[in-house]
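So the structure is just underneath, and the comments pick up after that.
The values are calculated or read from the model by the stated rules, or taken from the named source; none is laboratory data. Remember, it's a predicted structure, so these values are computed and weren't measured experimentally. Counting neighbours? That spans all protein chains shown, and the Cβs are built from the backbone with ideal geometry, glycine included.
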Amino acid sequence: MMKRKWTWIFIGFIMILLTSCSSGTLEKPSDLNQPLPLNKTKITVGSKSMTEQYLLLKMTSLVLREHGYPVNEMVTLDSDAVRSAMEAGVIDLYWEYTTTAREYYQKQTPIFDPDEVYRAVSAADASKGIIWLPRSEFNSSWALLMREDLAHQLGIRTISDLTRVFKEKRPSMKFATNDEYQQREDGIKRLQDIYNFVIPKTQMVAMDTSLLPQAVKESRVEVAVGLASDSRIKDHHLVIVEDDRHLFAPYHAAPVILKKTLESNKEISDIIGPIAEVINNDNMRDLMYKVDIQHKDVTQTAREFLLQKHILKR
């Protein structure tokens, strides 16, 4: 019992540190100095440490503030940290991915139908007092990346095209991905099984996720299994090879909220809903390009997007 007590004290201390660090990066003084309405619950919105999550955090905070809610923003290190914070009641709301919840939190095998996995994770989390609000079309999943000019030269549009070219014309092609994807149940083995081809181990290169787009750009490998949401796809003139046999499990983003918070603030579902309705892979990749490549301010980038979509008022 004493050990559990000290564990939660430690988690609380870490969250305070993370909040202090993140507010200096993501908050502006003008945001922090606004008077807080007396008739609204203070909402703590969480985020993982990645650009797409910073953008979703900011969009959520901006629309909540416009509707009079005081907001505390908390950036955590990773999926485990943000989930632990929510289960401990430290965070009220954040954006999660369907297959992340299915595999890592609920310890279940992947489901490859987007609607089915959403229903499954929603039902499982409801018993824990965590509610999934309607999901978006933003699917932060894996994808096969190639140089645009090479894909065009070889006539590759789909992964079926790629495997045909690999077998018949370019058997020496090199593939790259990270260590995790080589070990995953829905990883390299599934890719080879679904598309009926074999990549020799000597042609399989493991590297950090952050290096994959650069490796393709510099032709160190012809194909990389990377993230479909990577902002460098546009900057490096890469293309996503179409997954025509539904290889990749879906990672659609959706806001998740504590049941007790939603019950006290039922309008939050309607307030956040328009964000989920408008975001998709194309516009999220453009937003990440502005933040990561053009070094634009994440708050201003999120605000301009919401204004353009008429979710915020000028």
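Here Pro134 does not fit the description of being at negative phi, assigned to a helix (DSSP H, G or I) and within 21 Å of the chain's Cα centre (by Cα).
Each row is one residue, and each column tells you yes or no for (1) in contact (Cβ under 8 Å) with a residue 40 or more places away in the chain; (2) in a loop (DSSP other than H, G, I, E, B); (3) of a type in the set (Phe, Trp, Tyr).
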residue: Val165; (1), (2), (3): no, no, no
residue: Pro171; (1), (2), (3): no, yes, no
residue: Ala176; (1), (2), (3): yes, no, no
residue: Glu180; (1), (2), (3): no, no, no
residue: Arg190; (1), (2), (3): yes, no, no
residue: Ile194; (1), (2), (3): yes, no, no
residue: Phe197; (1), (2), (3): no, yes, yes
residue: Thr202; (1), (2), (3): no, no, no
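Apart from one condition, Thr209 fits all of (1) closer than 30 Å to Lys309 by Cβ; (2) surrounded by fewer than 19 Cβ atoms within 10 Å (Cβ to Cβ); (3) touching an Asp or Glu at 6+ places or on another chain (Cβ under 7 Å); (4) among the hydroxyl-bearing types (Ser, Thr, Tyr); the exception is (3). If only one of Ser219, Ser210 is closer than 18 Å to Leu145 by Cα, hydroxyl-bearing (Ser, Thr, Tyr) and assigned to a helix (DSSP H, G or I), which one is it? Of the residues listed, the single one that is closer than 18 Å to Leu145 by Cα, hydroxyl-bearing (Ser, Thr, Tyr) and assigned to a helix (DSSP H, G or I) is Ser210.
Kindly check whether there is at least one residue in the stretch 188-204 that is in contact with a His (Cβ under 9 Å, 6 or more places away or on another chain), farther than 14 Å from Leu145 by Cα and not assigned by TED's automatic domain parsing to the domain that holds Thr60. Yes, that holds for at least one residue.
Residues in the stretch 222-240 that are out of contact with any Asp or Glu (no Cβ under 8 Å at 6 or more places or on another chain) and not in a loop (DSSP other than H, G, I, E, B): Val223, Ala224, Val225, Gly226, Leu227, Ile233, Asp235, Ile240.
The residues listed here are Ile275, Ile271, Ile257, Ile311; of these, the one that is touching a His at 6+ places or on another chain (Cβ under 8 Å), touching a residue at least 40 places away in the same chain (Cβ under 8 Å) and either within 30 Å of Gly129 (Cα to Cα) or assigned to a helix (DSSP H, G or I) (or both) is Ile271.
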